[in-house]
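As structure tokens, the structure follows; a few thoughts come after it.
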Amino acid sequence: MLKEFKDFAMRGNVMDLAVAVIIGGAFGKIIASLVNDVLMPLIGLALGGLNFSELAFTYKEAVVKYGVFIQSIIDFVIIAFVIFMLVRTMNNMQKKEPAPAPAAPTTKECPHCFSTISIKATRCPNCTSQL
Ligand SMILES: [Zn+2]
């Protein structure tokens with residue numbers, strides 16, 4: 001049982017998943033902070049000192065916090081944009097890897113019989129012409 005669990009926990013993809021979850025969580029905090037602490041005050045300022053999280057109206061006993069909803073939409077757009085830029089940057093980096101140079105030609109065409117022969121040949125093996 002214990003050995004089975006160890007085998008499971010030590011499998012590469014489980015470790016990769018753990019790393020992805022931890023990095024993703026930390027990354028999510030950075031994005032949330034960027035949105036909540038940097039962008040939203042500026043957006044609120046641009047809209048005349050509006051604080052989205054305080055936008056709400058009361059209908060009977062229900063408090064409709066539509067400001068929080070708007071903020072969630074803005075969060076999503078910003079996160080989607082950041083992810084898009086990240087993926088785009090990584091794609092560009094992958095494309096910049098130098099493509100393997102086309103292989104130098106190793107054959108040529110005999111001018112007398114037009115058969116394909118070695119580029120180093122000085123005499124055609126097919127028609128015996130001097131090249
Ligand atoms: Zn030839």
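Calculated from DSSP H runs of 4 or more alone, at -39500 (n - 2.57) each and per residue, what is the 222 nm mean residue ellipticity of the chain, nearest 500?
-17500 deg cm²/dmol
Express in nm, to one decimal, how much length is gained between V19 and F81 on full extension, taking 0.36 nm for each residue of separation and deducting their alpha carbon distance.
Net length gain for the segment: 20.0 nm.
Enter the per residue convex hull volume of the chain, computed from alpha-carbon coordinates, in Å³ rounded to the nearest integer.
In the chain, the Cα convex hull volume per residue is 315 Å³.
Hand me the GluC sites (Glu not before Pro) from region 1-98 located in a DSSP loop with no more than 14 other Cβ atoms within 10 Å, in residue order please.
Sites meeting the loop and neighbour criteria: E61.
So if we plug the beta-carbon distance of M93 and R11 into 1/(1 + (r/R0)^6) with R0 = 30 Å, what FRET efficiency do we get, rounded to 0.05?
0.55
With a 10 Å Cβ neighbour count serving as the proxy for reagent exposure, in which order, fewest first, do M90, M1 appear?
M1, M90
Do any trypsin sites (Lys or Arg not before Pro) in region 1-96 lie in a DSSP loop with no more than 13 other beta carbon atoms within 10 Å, and if so, which?
R11, K60, K96
Each reported figure results from applying straightforward, stated rules to the coordinates on display, with no laboratory input. The structure presented is a predicted model; accordingly, all values stated were derived computationally and were not measured. All Cβ positions, even for glycine, are placed from backbone atoms using ideal geometry, and neighbour counts span all protein chains on display.
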